[in-house]
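The next block holds one structure in the form of structure tokens; read it before the comments.
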Amino acid sequence: MPNILALDASTDVCSVAMQCNGALSEHFEHLPRQHNQRLFPMLQQLLQGGDLVAQGIEVLAYNHGPGSFTGLRIAASAVQGLAYSQGLPVVGVSTLACMAQGAFSLQQANEGDVLLVLLDARINEVYYGYYQICNGLATALLEDGVAGPGQVPLPPLPAGKRMLALGNGLAYKDLLPPAVRECFTLTVADIWPRSSDIIRLAVPLYLADKTLRPEQVIPVYLRDDIGWKKLSEQGKAV
């Protein structure tokens, strides 16, 4: 197994985790709007010194998005800086995939389950993703997207599989299309991305050589062309 350092600042929580020589350690805190102040102190608590390569770290990983615009920029900047300074490759994973993986890690989802992950995107929209647990890993059934709750699509789903809905975007569940609401049998609102689950998703990507160079490390906002356009139009209207 590769030695991985992972970090996340994509939502109201912030976490860092390290898998090194088979041992996994993690720091996880709920601290809205404090990521910039806490991320590096958390890394310092986790690491014994600043030389990652000397400590055996082979790859960096992070949640590339979607999520908080500010948090995603903080995480991407931190990972990019570490990658440049240490000469390490990077793996980026979806925040929504990480949340789906978290449901499996916490035994709230089982092998084969389908998960609809909903994350509050503000301005009356949700980030959505459909995942299935396959061989213990959250596997995308549809590309992550952003939409008003009433426009969340329903892709073709595997027959005979239980479907769960999770994430703080469930605050809008009554506004979801009836066809979507009728599919899930269980909801788990209080679930957040964790860096330990980033590691679980990053390992097969690293082993398949699906890594990024430091200059390729960027946030994935999803709504560059949607949310900001709407905000701009609203500003013009005012």
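Scanning segment 85-133 for residues that are modelled with pLDDT under 95 and assigned to a helix (DSSP H, G or I), which turns out surrounded by the fewest Cβ atoms within 10 Å (Cβ to Cβ)?
Top of the filtered list is S85.
If you check every pair at least six apart or on different chains, which have Cβ atoms under 7 Å apart with a residue in segment 100-124 that is farther than 28 Å from F69 by Cβ first and a residue that is of a type in the set (F, W, Y) second?
Pairs found: V114/Y130.
I'd like to verify a number: residues in segment 1-17 that are in contact with a helix residue (DSSP H, G or I) (Cβ under 7 Å, 6 or more places away or on another chain) and assigned to a strand (DSSP E or B), how many?
Summing the residues that are in contact with a helix residue (DSSP H, G or I) (Cβ under 7 Å, 6 or more places away or on another chain) and assigned to a strand (DSSP E or B) in segment 1-17 gives 8.
Given (1) surrounded by fewer than 17 Cβ atoms within 10 Å (Cβ to Cβ); (2) of a type outside the set (V, I, T); (3) modelled with pLDDT under 95, where does S68 come up short, assuming only one miss?
Of the numbered conditions (1) surrounded by fewer than 17 Cβ atoms within 10 Å (Cβ to Cβ); (2) of a type outside the set (V, I, T); (3) modelled with pLDDT under 95, the odd one out for S68 is (1).
Kindly indicate whether any position in segment 139-159 is assigned to a loop (DSSP other than H, G, I, E, B), of a type in the set (D, E, K, R) and on the phi < 0 side of the Ramachandran plot.
No, that holds for no residue.
I need the full set of residues from segment 160-190 which are part of a loop (DSSP other than H, G, I, E, B) and either assigned by TED's automatic domain parsing to the domain that holds L43 or over 13 Å from Q101 (Cα atoms) (or both), in order please.
Scanning segment 160-190 gives G160, K161, R162, L176, P177, E182, C183, F184, T185, A189, D190.
Has segment 93-102 got any residue that is farther than 20 Å from Y62 by Cα and not assigned by TED's automatic domain parsing to the domain that holds Q55?
No - not one qualifying residue is present in segment 93-102.
Tell me which residues, restricted to segment 18-37, are surrounded by fewer than 18 Cβ atoms within 10 Å (Cβ to Cβ) and part of a helix (DSSP H, G or I).
N36, Q37
Can you tell me which residue is surrounded by the fewest Cβ atoms within 10 Å (Cβ to Cβ) among those in segment 44-65 that are assigned to a loop (DSSP other than H, G, I, E, B) and small (G, A, S)?
The extreme case among them is G49.
Have a look at L31, L39 and point out the one that is touching a Cys at 6+ places or on another chain (Cβ under 8 Å), closer than 21 Å to L118 by Cα and at pLDDT below 95.
Result: L31 is the single residue among L31, L39 that is touching a Cys at 6+ places or on another chain (Cβ under 8 Å), closer than 21 Å to L118 by Cα and at pLDDT below 95.
P41 passes all but one of (1) out of contact with any Ser or Thr (no Cβ under 7 Å at 6 or more places or on another chain); (2) buried (at least 24 other Cβ atoms within 10 Å of the Cβ); which number fails?
Unmet for P41, out of (1) out of contact with any Ser or Thr (no Cβ under 7 Å at 6 or more places or on another chain); (2) buried (at least 24 other Cβ atoms within 10 Å of the Cβ): (2).
The values are calculated or read from the model by the stated rules, or taken from the named source; none is laboratory data. For clarity, every value in this text was computed on a predicted model and none was experimentally measured. In this analysis, Cβ positions are derived from the backbone assuming ideal geometry, glycine residues included, and neighbour counts consider all displayed protein chains.
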